[in-house]
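**Student:** Quick one: the structure is below, questions incoming.
The values are calculated or read from the model by the stated rules, or taken from the named source; none is laboratory data. Because the structure is a prediction, the values reported are computed rather than measured. Positions of Cβ are backbone-derived with ideal geometry, glycine not excepted, and every protein chain shown enters the neighbour counts. Just the protein is used for accessible areas: all its heavy atoms, side chains included, with ligands, DNA and RNA removed. Shrake-Rupley method; radii C 1.70, N 1.55, O 1.52, S 1.80 Å.
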Amino acid sequence: MINTDEVIADLDKRRKLGTAFEDILQAAVHGLHELDERFHWTGIYELFPDNVLRLGPFIGAPTDHVFIGVGRGVCGTAVAERRNINVPDVRLVSNYLACSTETRSELVILIRRGEKIYAQIDIDSHQVAAFDEGAVVQVQRVADWLASLYDSRERIGRAP
Ligand code: SME
């Protein structure tokens, strides 16, 4: 087990070393997954300009939901409604897209800077209501760190 300070320190180190963007995302997913033994599937979906979320790095069982349109499922609804979503029991959500039949709760935290949504962290647990306030705060800290990474990449990519 590791804590969020360690995850963020590791990400800071990689960023200073100039590690490739995709490798930092991968490291973030690994770090998040290790934060809590109740996290059974941890991944990042990136939002593309065609309003489709595409699965990036993840840990856990392979999923059929590699592409999710904005407005579909829990992940797409979070983007459409521009808010984080914490589902204590996925069996009670009608538009839930199943990744694993074992999943009971799901957390989606947006990676955003103000109005700009870059991506999202999606975590599934086999336990009902796994995402208590403490867990949400930890995941949010990593999401905020990643938002700053996406933001700086976008500014570097922009013409002067
Ligand atoms: N459950 C999500 C789909 C992603 S998989 O769980 C990894 C949803 O309803 O959007």
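**Student:** For a quick check: with amide H placed at 1.01 Å from N, whose amide H comes under 5 Å from Arg113's, ignoring anything fewer than 5 positions away on the same chain?
**Tutor:** Residues meeting the amide H criterion: Tyr118.
**Student:** How large is ³J(HN,Hα), in whole Hz, for each residue of segment 27-40 in order, when computed from phi with the Karplus curve 6.51 cos²θ - 1.76 cosθ + 1.60 and θ = phi - 60°, using x for Gly and Pro?
**Tutor:** In residue order, the calculated couplings are 5, 5, 5, 4, x, 4, 4, 7, 5, 8, 6, 7, 8, 9 Hz.
**Student:** Roughly to the nearest percent, how much of the accessible area of segment 15-160 is carbon and sulfur, given a 1.4 Å probe?
**Tutor:** Values: 3780 of 7260 Å².
For segment 15-160, the apolar C and S fraction of the accessible surface comes to 52 percent.
**Student:** So what are the ³J(HN,Hα) numbers for segment 44-59, from phi and the Karplus equation (6.51, -1.76, 1.60; θ = phi - 60°), rounded to whole Hz, Gly and Pro as x?
**Tutor:** Those phi angles translate into 10, 9, 9, 8, 9, x, 7, 6, 10, 7, 10, 5, x, x, 8, 10 Hz.
**Student:** So what is the accessible area of the chain per residue, in Å², with the probe set to 1.4 Å?
**Tutor:** On a per-residue basis, 51 Å².
**Student:** Could you calculate the contour length gain from Arg83 to Val136, that is, 0.36 nm times the residue separation minus the distance between their Cα atoms, to one decimal place in nm? Present the calculation step by step, with values, prior to reporting the outcome.
**Tutor:** On the way: separation 53, 0.36 × 53 = 19.08 nm, distance 1.32 nm.
Roughly 17.8 nm would be gained on extension.
**Student:** Stretched out fully, how many nm does the piece from Asp151 to Ala129 gain, at 0.36 nm a residue minus the Cα gap?
**Tutor:** Value of the extension gain: 4.8 nm.
**Student:** Given C-alpha coordinates of segment 1-96, what is the ratio Rg to Rh with the Kirkwood estimate of Rh?
**Tutor:** My calculation of the ratio gives 1.00.
**Student:** Taking H placed 1.01 Å from N in the peptide plane, check which residues at least 5 places from Trp41 or on another chain put their amide H under 5 Å from its amide H.
**Tutor:** Asp124
**Student:** Give the calculated FRET efficiency between Asp5 and His30 to the nearest 0.05, with a Förster radius of 25 Å applied to their Cβ-Cβ distance.
**Tutor:** 0.95
**Student:** Which shape class, rounded, prolate or oblate, goes with the chain when its Cα gyration tensor gives a ≥ b ≥ c as root eigenvalues, a/c under 1.5 marks rounded, and past that a/b bigger than b/c marks prolate? Could the numbers behind the result be given before it?
**Tutor:** Working: a/c = 1.85, a/b = 1.26, b/c = 1.47.
It comes out oblate by the Cα gyration axes.
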